[in-house]
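Written out below as structure tokens is the structure these notes cover.
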Number of protein chains: 2
Amino acid sequence: MFQIASYETFQDGQVIFEDGSSGDWIYVLDEGEVEISKIVDGQKIVIEVLKPGDIFGEMAYIDKTPRSATATAKGKTVVGIIDRVFFDREFNKLSADFQQMLKAVAFRLRRTTEKSLELQKEKKG
Amino acid sequence: MFQIASYETFQDGQVIFEDGSSGDWIYVLDEGEVEISKIVDGQKIVIEVLKPGDIFGEMAYIDKTPRSATATAKGKTVVGIIDRVFFDREFNKLSADFQQMLKAVAFRLRRTTEKSLELQKEKKG
């Protein structure tokens, strides 16, 4: 359904993008699974495991901050990279107000994820 | 900065909207504080306390599902209701793909918030 610029294949354990890195491509998972995880105080915590059809990487696109987690292929995985030119054109159509609302949602998601990770770490630790 | 259709004043403890209710107005906090909370197994868990300038209520707007938490005024609170006609016009400018991406973000935020609440409940319980 999305306008895909290209497809990439990753083998089990290959990193698609890393926490803290720059880059704002948006992906849609086509085949396989992708693990979204973060290292908190030396412990890896899995945030979620994505299934085909799931979108990921959209946070960095929306708020233009570094990647907030690591995406790793689980098994052989095919991801589609969503056409940036197309997405930029869409985003730029929006008023500054609407863009700010979207950034507020992305910020809230980052904050909620961090809180959840802290709690998971406490639970483990 | 947002196009505000009207302002409403709430007294301490008054509910602005309730978890599970329908309604998709988006608010911007103008004065005072707003507590976002949820009852999990009979226990109230505070998700966050908003400050002036914060936007809230946008989740139900984006994904057209019931309110996922309760918003309550802390002290005397003034909220601006963002002009819906304006926002609808913006949203409708977007392609189905882009709208789907936004819904994916809203869904992820709901899921992450639920996970965080579960963990907080376990910690308390």
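The values are calculated or read from the model by the stated rules, or taken from the named source; none is laboratory data. Predicted model only: the values in this text are computed from it and were never measured. No Cβ is skipped: glycine too gets one built from the backbone with ideal geometry, and neighbour counts run over all protein chains shown.
I need the strands (runs of 3 or more DSSP E) fully contained in segment A:13-123, keeping only those with at least 1 residues that are surrounded by 14 or more Cβ atoms within 10 Å (Cβ to Cβ), at the interface with another protein chain (Cβ under 10 Å from one of its Cβ atoms) and not hydrophobic (A, V, I, L, M, F, W, C).
The strands (runs of 3 or more DSSP E) meeting that bar are A:43-50.
Considering each residue of segment A:1-30, count those that are more than 16 Å from the chain's Cα centre (by Cα) and acidic (Asp, Glu), and give that number.
1
Residue check: is B:ARG84 more than 29 Å from B:LEU119 (Cα to Cα), of a type in the set (Lys, Arg) and free of Cβ contacts under 8 Å to residues at least 40 places away in the same chain?
No: the conditions fail for B:ARG84.
Can you find a residue in segment A:70-91 that is under 10 Å from the mean Cα position of the chain (by Cα) and at pLDDT 90 or above?
Yes, segment A:70-91 has at least one match.
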